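The values are calculated or read from the model by the stated rules, or taken from the named source; none is laboratory data. The structure displayed is predicted, hence computed values, not measured ones. Quick reminder, even Gly has a Cβ in these numbers, built from the backbone with ideal geometry, and neighbours come from all protein chains shown. What goes into the accessible areas is simple: the full protein's heavy atoms, side chains included, and nothing from ligands, DNA or RNA. Shrake-Rupley method; radii C 1.70, N 1.55, O 1.52, S 1.80 Å.
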Amino acid sequence: MPTPAPAPSATPDAKKGVSLPNRIAIGLLAAAAVVVGLVFLVNTLGEDEGRTDGTTTTAAEVVREDSHRLSQAPDEKAVLVEFLDFECESCLAAYPVVEDLSEEYGENLTVVSRYFPLPGHPNSETAAAAVEAAAQQGRFKEMHARMYETQTEWSHTAEDRSPVFRGYAEDLGLDMAAYDAAIADPATMERVNADKDDGMALNVEGTPTFFLEGRKIQPATIEEFRSLIETAIAD
């Protein structure tokens, strides 16, 4: 089962991270969630030239053995993969949607998170490295959640936020010597970049980008998202 600065041509700049045409973005979700619960709109995320939405890609590229699972279905029938940037507002808006879908379809839907830090976001790589360092101690999900819960406190500043992220690791009760060693180890960023390399090979150009059963999807509403998942589970 299948699992604001110019950016390189394969990725959008940070400003486009929240508004690119043809992208799945759920930027109005937070307000919509307050007003109408789970209904959300697609907020476009940028000009994705040469996109191949709807084409099937190989599972080995979309999900790898070491990809981080936010949830693992006991009776897995479908896999949802998100390429994300912890400093992206649209990813923050998508976060509760993914959490809800994971809970709603948890029996059959495995949810995978993959790093895709955008170069125009000054602390996105630092945040990803901190999450990866926590993952090495089995705390990926907790640090992943903490980044989104606090995004507005640390994001979009040129100031190095690594001390803030280290504080999150302390709050989680991590072994700080091991955490510091992981942050200093080039292999940690290599792991982050391995996800990003796969994303670029899959024509991921902005965040969040979702794949369901190896196929890039662009649901326009939460109902459509559910319908796609239900179809994948049933197939």
Quiz item: So, in the stretch 152-193, of the ones that are among the hydrophobic types (A, V, I, L, M, F, W, C) and part of a loop (DSSP other than H, G, I, E, B), which residue ends up most open to solvent (accessible area, probe 1.4 Å)?
Solution: 158
Quiz item: From the set of residues in the stretch 205-229 that are in a loop (DSSP other than H, G, I, E, B) and β-branched (Val, Ile, Thr), which is nearest to residue 78 (Cα to Cα)?
Solution: 221
Self-check item: Contacts under 7 angstrom Cβ, first residue in the stretch 178-201 being more than 20 Å from residue 139 (Cα to Cα), partner open to solvent by 40 Å² or more (accessible area, probe 1.4 Å) and not small (Gly, Ala, Ser), 6 or more apart
Solution: 198/61; 201/61
Quiz item: Within the stretch 205-220, is there a residue that is under 18 Å from the mean Cα position of the chain (by Cα), farther than 15 Å from residue 83 by Cβ, loosely packed, with under 15 Cβ neighbours inside 10 Å and modelled with pLDDT under 95?
Solution: yes
Quiz item: Cβ-Cβ below 6 Å, separation at least six or inter-chain, first residue in the stretch 124-149 and modelled with pLDDT of 95 or more, second surrounded by fewer than 20 Cβ atoms within 10 Å (Cβ to Cβ) and among the small types (Gly, Ala, Ser): which pairs?
Solution: 126/162
Quiz item: Considering only the stretch 112-132, how many residues are outside any loop (DSSP other than H, G, I, E, B) and either crowded, with 24+ Cβ neighbours inside 10 Å or not aliphatic (A, V, I, L, M) (or both)?
Solution: 11
Quiz item: Of the residues 196, 141, which single one is open to solvent by 60 Å² or more (accessible area, probe 1.4 Å), outside any loop (DSSP other than H, G, I, E, B), in contact with a strand residue (DSSP E or B) (Cβ under 7 Å, 6 or more places away or on another chain) and of a type in the set (D, E, K, R)?
Solution: 141
